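K.L.:
Structure incoming, see below.
The values are calculated or read from the model by the stated rules, or taken from the named source; none is laboratory data. Bear in mind that the values here come from a model prediction, so they are computed numbers and not experimental data. Don't worry about glycine lacking a Cβ; one is built from the backbone with ideal geometry, like all the others, and counts go over all protein chains shown.
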Amino acid sequence: MLKLGIIGTGSISHHFVEAAHTSGKFQLVAVYSRKLETAEQFASRYSNVQLFDQMDTFLMNSFDVVYIASPNSLHYSQAKSTLLAGKHVILEKPAVTQPHELQDLVQTAKDNHCFIFEAARNYHEDAFATIKSFLADKQVLGADFNFAKYSSKMPELLAGNTPNVFSDRFAGGALMDLGIYPIYATIRLFGKPTHATYQAQKLDNSIDLNGDGILSYPEFQVRIKTGKNITSNLPCEIYTTDGTLILNSIEHIKSAIFTDHQGNDVHLPIHQAPHTMTEEVAAFANMIKQPNQVLYQSWIDDATHVHDLLYTMRQDSGIRFEAEK
Ligand SMILES: NC(=O)c1ccc[n+]([C@@H]2O[C@H](COP(=O)([O-])OP(=O)(O)OC[C@H]3O[C@@H](n4cnc5c(N)ncnc54)[C@H](OP(=O)(O)O)[C@@H]3O)[C@@H](O)[C@H]2O)c1
């Protein structure tokens, strides 16, 4: 059983602990919060959890791995301190706000005999292996991947406040928050594109509310739509010379149906996991318990491509975080 610590006491951390406990591979043992009362409130659903409001003391505790789900711009420094303390890190997406930060964390993890994982949950879905294998003998002509959901933080934004997820200080925005999922899916299925663009509707602080991206390959393009002030109900499609593969979604995929040019359907054997985080939780636990350096390096390489793309796309549409201004 891996002993788990948590940084960040938002609802996603409960979601992660639920998946971690259900896997039978993790046990929550410690929570860090800026306020002890918040840590106490968070831990009240679980038993035998130690509470901390000082990061240094928290990191001296004896646990194996820390899940970090704080606002984006805090990820790098919190992950760095955690790795330096010799703990594995599961870092919520987007792991970093600058590509060089990821390289530094990867090196710090290596120097301290730890792993660093980005919790981009769709990347670890088995569905992508099934889809990739189905596409292996087909010629891809393009794809449309959408992930746009009206945010529960929109009323706060419309009332004149700036929630963290729309803040330049905390490196928010639609691309960083939701656009990362179609980008991960694209990298997982097609590898690194040669070129990327992104055009967005933005707030005065330059943070994007929604946008459209194009990831270009020599033979085709993947179009991406993301947003937090809109909801897209479009399915996702992959076009091939033989027909079109329709996915109900680009994350927590439930169905993948290929329709050929004669109208015949093939239903791919997709088994949706019971929980959105089931597959990543299992992947991280397995890697810690039985390290596979080749597989780990492929995760790091893909994460590197994703963060290079996020940076390029932000530059293209003029999204600037506070630390960059
Ligand atoms: N995988 C997914 O499905 C999923 C879903 C939602 C979010 N996320 C990711 O999870 C991360 C957190 O998102 P969220 O919406 O939960 O963020 P959030 O509500 O803004 O903050 C999460 C936690 O971070 C701490 N925090 C908040 N503001 C802070 C500040 N100014 N300084 C220091 N700590 C602060 C708070 O914990 P304390 O009060 O205890 O210190 C808070 O509960 C983001 O990276 C996001 O992209 C992932």
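K.L.:
Would you mind finding the one in 141, 189, 209 that is in a helix (DSSP H, G or I) and either modelled with pLDDT of 95 or more or hydrophobic (A, V, I, L, M, F, W, C) (or both)?
P.N.:
189
K.L.:
Something else: Considering only residues that are among the aliphatic types (A, V, I, L, M) and either surrounded by fewer than 19 Cβ atoms within 10 Å (Cβ to Cβ) or part of a loop (DSSP other than H, G, I, E, B) (or both), which ones fall in the stretch 111-134?
P.N.:
Hits for the stretch 111-134 are 120, 129.
Residues are listed down the side, and each one gets a yes or a no for (1) within 10 Å of the ligand (Cβ to nearest atom); (2) within 28 Å of residue 324 (Cβ to Cβ); (3) among the small types (Gly, Ala, Ser); (4) not in a helix (DSSP H, G or I):
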residue: 6; (1), (2), (3), (4): yes, no, no, yes
residue: 15; (1), (2), (3), (4): yes, no, no, no
residue: 20; (1), (2), (3), (4): no, no, yes, no
residue: 39; (1), (2), (3), (4): yes, no, yes, no
residue: 46; (1), (2), (3), (4): no, no, no, yes
residue: 63; (1), (2), (3), (4): no, no, no, yes
residue: 80; (1), (2), (3), (4): no, yes, no, no
residue: 109; (1), (2), (3), (4): no, yes, yes, no
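K.L.:
So residue 176 passes all but one of these: (1) farther than 24 Å from residue 191 by Cα; (2) hydrophobic (A, V, I, L, M, F, W, C); (3) buried (at least 16 other Cβ atoms within 10 Å of the Cβ). Which condition number does it fail?
P.N.:
(1)
K.L.:
Of all residues in the stretch 140-151, which are under 16 Å from residue 208 (Cα atoms) and out of contact with any Gly (no Cβ under 6 Å at 6 or more places or on another chain)?
P.N.:
146, 147, 149, 150, 151
K.L.:
Out of the residues in the stretch 156-173 that are touching a residue at least 24 places away in the same chain (Cβ under 8 Å) and in a loop (DSSP other than H, G, I, E, B), state the one that is nearest to residue 70 (Cα to Cα).
P.N.:
170
K.L.:
Which count do you get for residues in the stretch 242-274 that are within 16 Å of the ligand (Cβ to nearest atom) and either crowded, with 18+ Cβ neighbours inside 10 Å or among the hydroxyl-bearing types (Ser, Thr, Tyr) (or both)?
P.N.:
6
K.L.:
Another question, then. Output the residues belonging to the stretch 22-37 that are part of a loop (DSSP other than H, G, I, E, B), crowded, with 16+ Cβ neighbours inside 10 Å and within 14 Å of the ligand (Cβ to nearest atom).
P.N.:
Within the stretch 22-37, just 33 meets the criteria.
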